[in-house]
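Encoded as structure tokens, the structure appears first; notes follow it.
The values are calculated or read from the model by the stated rules, or taken from the named source; none is laboratory data. Remember, predicted model here, so these are calculated numbers, not experimental data. Note that we place each Cβ from the backbone using ideal geometry, even for glycine, and neighbour counts take in every protein chain shown.
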């Protein structure tokens, strides 16, 4: 039995510990906001936070997160009707096209802004390595800068 | 759907098409739903299939088309809301399932044609959706007039209300729905609004369901969860047209959670297909367990008839074919005489590779096949095709197959083909369980209907004035028309050389010649199909002609495109092509990027423009190439003329995304084959570009033209790659004649 937290709730998984966290979240806990894109850590669609840091859940065996805390896109905002500032920035620039990669892009950006609150374009280029097949990169770049502004203004969640 | 033959589902006959067309404005779509006859009038909220008006004035509009990121789930409801006359902020959407009805003439549409491909999602519904809104508004007016005992002609509407100014009365739509639903459908559609009066259409609106996307609530096909659902994967033959000779599943079956293992039979080589490949299916209690089970299979493969296929052989055969004579598709004027009399000949070859669609959501499908019915939930561009695929797999009548389609995690043409639906239905039928078939990324990279590769030979003869008098494009390629039923060989060229593309009817003596290479790699429609290859080839060659004859690449294009005039265009996107619209665009992007300025060595600007399926686009790109060959894209100007922009926010997004797709593909993407096996497997060796490739100096402009919208999903891609390679030439003198660019700039 592997016990850990997902979005502040205590959970346990009693299957094979080598199962990637991605599939545990999707198939066992029905948290389908975290997406499968490549399975080898290349695309970032599966990005979640483990103890607050962005990780590729497709490459993380569930046994490795015993006792740790996982945040997924479903648990990113403080409350059900609220948005994290990064989500709010994403809506302001209407980033999504197909939308499939965007949960991962948002989780990666939240992590980036924790480490570099006001990233330059070069910081974005170096740190945001998630793939968007639709090509929303132009809007993602603007939304990251906007999210940095929103966080600097107060950092609290907006609805 | 008014789309060209290559996008009309195979079995949809012209007769069925017309039947469907007539249903569109008839009783099926706008008629009284069953609920109106049984419920008390006051309880009815539904007005026809598309509109529901709630007591608080909130309006739910049905969306009948697949959303693949092109914005159709927002754009079409905008059309309904505009004519219905409601406030956009009171609108939400409800995705509709596939609607087909069995008639004496075969199956026809219940909710209008459903399917997106060829950039027609908006244009084929432009009149229809406006009529849905206008008719419902007319019925609401009639209902109000009847209640007031006055003529409908004295009534009008304001958002959400029917108004009679002479009475000084108004009634909310919500109070009138029941009465309106019991009124007959008007014989003729009411007049539609003038474009100048639009309050919603043509304005900037955000993606209507974006909040669900950024909060992780949106359900894609892959997110389908149904009671008792099992999970399945397939080990498909790694050899093109290979088959399992034998397999040992003893280890796989011992894995806790593996429920069943069995063979899936693919099509005979060369024959029309329903699924792509033969293989072995594994069904389990979770996706990961199914993948573990698949990894534990020991399969001996019969390598099949294509075991010797290789990219090296393919390119050698193409070169060799070009030495001979091919099928002449177009032969205008006197090409031989024009070339014989030419003052100068320019001649080059260009190679364009196979590429993979790589939608980020891997193929998947939920299927539950029961004795007399079947339920499909799939991410698909062609839900009617999904219905046919499930009918093939199950033997059930299509009227007993219910198809729901989700928001799709990327289309790009891959999901015009429903092979994964057929696979899922086969597995559910075999096991009797509701199952979700999941493809991995490796499955997707190795099993696709790839964009065709080809070798293009271009020759132009110029007269003493530097004018192009003769032009030929000779192409040896694998046609996109892959194993299609009833497809004669002499038609294969039409998928790869669009007869009326530029410079036809501009260069008087023009010949298009085709050679088919029957390599075993499956081919299909990849966003803007042959336009991506041909725009690269033609727009590169124009640049080369300019440089080799001392002309300016911009001025040569302006001279060739010329003034506004309508040329005949028989292919998809016709009936006309106005090259003057390209003149306007190429001048615009050149001016925005300050084209004429002197640049230092290593810095260059490239231009290109193209007419794609009815829409027009141009790109200007500025690059810097370092001494070591490092390429940096410094600035991108993209412009589109889509006639009238219905949903400008999505038009801009599609132009940005198409530009990025074009550049990403040109930079690094190629599928190759060796010993009959696809060589790439995932994003490490099929490297889609990331954000760092694209500069913040990236402008996307919409240049309005008239009141007729064209599609926008494919127009942004074709001219992006040649603008980039023309810029590389301007910076370095190095001409890219083979895609992808990869490490060709390394010195």
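Yes/no per residue for (1) within 27 Å of residue B:53 (Cβ to Cβ); (2) in contact (Cβ under 8 Å) with a residue 40 or more places away in the chain; (3) over 34 Å from the mean Cα position of the chain (by Cα); (4) within 14 Å of chain A (Cβ to nearest Cβ):
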{"position": "B:166", "(1), (2), (3), (4)": "yes, no, yes, no"}
{"position": "B:176", "(1), (2), (3), (4)": "yes, no, yes, no"}
{"position": "B:180", "(1), (2), (3), (4)": "yes, yes, yes, no"}
{"position": "B:183", "(1), (2), (3), (4)": "yes, yes, yes, no"}
{"position": "B:205", "(1), (2), (3), (4)": "yes, yes, no, yes"}
Residues being surrounded by fewer than 21 Cβ atoms within 10 Å (Cβ to Cβ), facing chain B (nearest Cβ under 9 Å) and not in a loop (DSSP other than H, G, I, E, B) - total across region A:6-60: 1
Filter result for the condition that a residue is loosely packed, with under 15 Cβ neighbours inside 10 Å and in contact with a strand residue (DSSP E or B) (Cβ under 8 Å, 6 or more places away or on another chain), over B:157, B:218, B:165: B:165
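Test residue A:64 against the stated conditions and say whether it is more than 12 Å from chain B (Cβ to nearest Cβ), at negative phi and not in a strand (DSSP E or B). Full working, then the answer.
Numbers: more than 12 Å from chain B (Cβ to nearest Cβ): yes; at negative phi: yes; not in a strand (DSSP E or B): yes.
Judged against the criteria, residue A:64 is a match.
When you scan region A:125-136, do you find a residue that is more than 23 Å from residue B:409 (Cβ to Cβ) and without any contact (Cβ under 8 Å) to a residue 12 or more places away in the chain, even just one? Show your work before the answer.
So the first thing to find is which residues in region A:125-136 are more than 23 Å from residue B:409 (Cβ to Cβ), and the list is A:125-127.
Narrowing further to those that are without any contact (Cβ under 8 Å) to a residue 12 or more places away in the chain: A:125-126.
Looking for residues that are more than 23 Å from residue B:409 (Cβ to Cβ) and without any contact (Cβ under 8 Å) to a residue 12 or more places away in the chain, one finds at least one in region A:125-136, hence yes.
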Any helices (runs of 4 or more DSSP H) falling wholly within region B:249-338 and containing at least 2 residues that are more than 14 Å from chain A (Cβ to nearest Cβ), within 31 Å of the chain's Cα centre (by Cα) and modelled with pLDDT of 95 or more: B:311-321
The lone exception for residue B:196 - which of (1) within 14 Å of chain A (Cβ to nearest Cβ); (2) surrounded by fewer than 17 Cβ atoms within 10 Å (Cβ to Cβ) it fails: (1)
Flag if residue B:145 is under 30 Å from residue B:573 (Cβ atoms), out of contact with any strand residue (DSSP E or B) (no Cβ under 7 Å at 6 or more places or on another chain) and free of Cβ contacts under 8 Å to residues at least 60 places away in the same chain: no
Criterion: under 30 Å from residue B:227 (Cβ atoms), surrounded by fewer than 18 Cβ atoms within 10 Å (Cβ to Cβ), in contact (Cβ under 8 Å) with a residue 12 or more places away in the chain and not assigned by TED's automatic domain parsing to the domain that holds residue B:485 - qualifying residue of B:248, B:256: B:256
Top-ranked residue of region B:218-235 - restricted to ones that are more than 7 Å from chain A (Cβ to nearest Cβ) and over 19 Å from residue A:28 (Cβ atoms), ranked as farthest from the chain's Cα centre (by Cα): B:235
Residue B:77 surrounded by fewer than 18 Cβ atoms within 10 Å (Cβ to Cβ) and at pLDDT 95 or above: no
Residue that is nearest to the other protein chains (Cβ to nearest Cβ), among those in region B:676-693 that are more than 23 Å from the chain's Cα centre (by Cα) and in a loop (DSSP other than H, G, I, E, B): B:684
Single condition residue A:101 does not satisfy, out of (1) more than 24 Å from residue B:74 (Cα to Cα); (2) crowded, with 24+ Cβ neighbours inside 10 Å; (3) facing chain B (nearest Cβ under 9 Å); (4) touching a residue at least 40 places away in the same chain (Cβ under 8 Å): (1)
Residue ID - farthest from residue B:416 (Cα to Cα), chosen from residues in region B:261-276 that are surrounded by fewer than 19 Cβ atoms within 10 Å (Cβ to Cβ) and in contact with a strand residue (DSSP E or B) (Cβ under 6 Å, 6 or more places away or on another chain): B:262
Some residue of region B:461-471 being under 27 Å from residue A:98 (Cα atoms), modelled with pLDDT of 95 or more and touching a strand residue (DSSP E or B) at 6+ places or on another chain (Cβ under 7 Å): no
Residue selected from region B:470-499 under the condition surrounded by fewer than 21 Cβ atoms within 10 Å (Cβ to Cβ) and farther than 14 Å from residue B:328 by Cα, by the criterion nearest to the chain's Cα centre (by Cα): B:481
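Being surrounded by 24 or more Cβ atoms within 10 Å (Cβ to Cβ), more than 10 Å from chain A (Cβ to nearest Cβ) and more than 30 Å from residue B:499 (Cβ to Cβ) narrows it down to one residue among B:622, B:591, B:634; which is it?
Numbers: B:591 fails: surrounded by 24 or more Cβ atoms within 10 Å (Cβ to Cβ); B:634 fails: surrounded by 24 or more Cβ atoms within 10 Å (Cβ to Cβ).
Result of the check over B:622, B:591, B:634: B:622.
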Qualifying residue in region B:587-601 (condition: in the same structural domain as residue B:733 (by TED's automatic domain parsing), free of Cβ contacts under 8 Å to residues at least 24 places away in the same chain and on the phi > 0 side of the Ramachandran plot): yes
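Which members of region B:231-242 meet the condition of being in contact with a helix residue (DSSP H, G or I) (Cβ under 8 Å, 6 or more places away or on another chain) and crowded, with 20+ Cβ neighbours inside 10 Å?
In the first step, residues of region B:231-242 are kept if they are in contact with a helix residue (DSSP H, G or I) (Cβ under 8 Å, 6 or more places away or on another chain); the result is B:231-236, B:238.
The answer is B:231, B:232, B:233, B:234, B:235, B:236.
Restricting attention to region B:395-406, which residues are touching a residue at least 12 places away in the same chain (Cβ under 8 Å) and surrounded by fewer than 24 Cβ atoms within 10 Å (Cβ to Cβ)?
Answer for region B:395-406, where residues must be touching a residue at least 12 places away in the same chain (Cβ under 8 Å) and surrounded by fewer than 24 Cβ atoms within 10 Å (Cβ to Cβ): B:396, B:397, B:398, B:399, B:400, B:402, B:404, B:406.
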Residues of region B:345-354 classified as part of a strand (DSSP E or B) and surrounded by fewer than 24 Cβ atoms within 10 Å (Cβ to Cβ), total: 6
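Kindly indicate whether residue B:707 is surrounded by fewer than 24 Cβ atoms within 10 Å (Cβ to Cβ), closer than 30 Å to residue B:269 by Cα and either more than 10 Å from every other protein chain (Cβ to nearest Cβ) or modelled with pLDDT under 95 (or both). Spell out the reasoning first.
On the way: surrounded by fewer than 24 Cβ atoms within 10 Å (Cβ to Cβ): yes; closer than 30 Å to residue B:269 by Cα: no; either more than 10 Å from every other protein chain (Cβ to nearest Cβ) or modelled with pLDDT under 95 (or both): yes.
No: the conditions fail for residue B:707.
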Residue count for region A:111-159, restricted to those that are at pLDDT 95 or above and within 12 Å of chain B (Cβ to nearest Cβ): 29
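For (1) outside the structural domain of residue B:124 (by TED's automatic domain parsing); (2) buried (at least 22 other Cβ atoms within 10 Å of the Cβ); (3) free of Cβ contacts under 8 Å to residues at least 60 places away in the same chain, each residue gets a yes or a no:
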residue	(1), (2), (3)
B:687	yes, no, yes
B:690	yes, no, yes
B:698	yes, no, no
B:703	yes, no, no
B:714	yes, yes, no
B:738	yes, no, no
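Which one of B:499, B:469, B:422, B:478 is under 30 Å from residue B:556 (Cα atoms) and touching a helix residue (DSSP H, G or I) at 6+ places or on another chain (Cβ under 8 Å)? Walk me through it before giving the result.
Working: B:499 fails: touching a helix residue (DSSP H, G or I) at 6+ places or on another chain (Cβ under 8 Å); B:422 fails: under 30 Å from residue B:556 (Cα atoms); B:478 fails: under 30 Å from residue B:556 (Cα atoms).
Among B:499, B:469, B:422, B:478, only B:469 is under 30 Å from residue B:556 (Cα atoms) and touching a helix residue (DSSP H, G or I) at 6+ places or on another chain (Cβ under 8 Å).
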Test: residue A:73 is more than 20 Å from residue B:688 (Cβ to Cβ), in contact (Cβ under 8 Å) with a residue 12 or more places away in the chain and within 8 Å of chain B (Cβ to nearest Cβ): yes
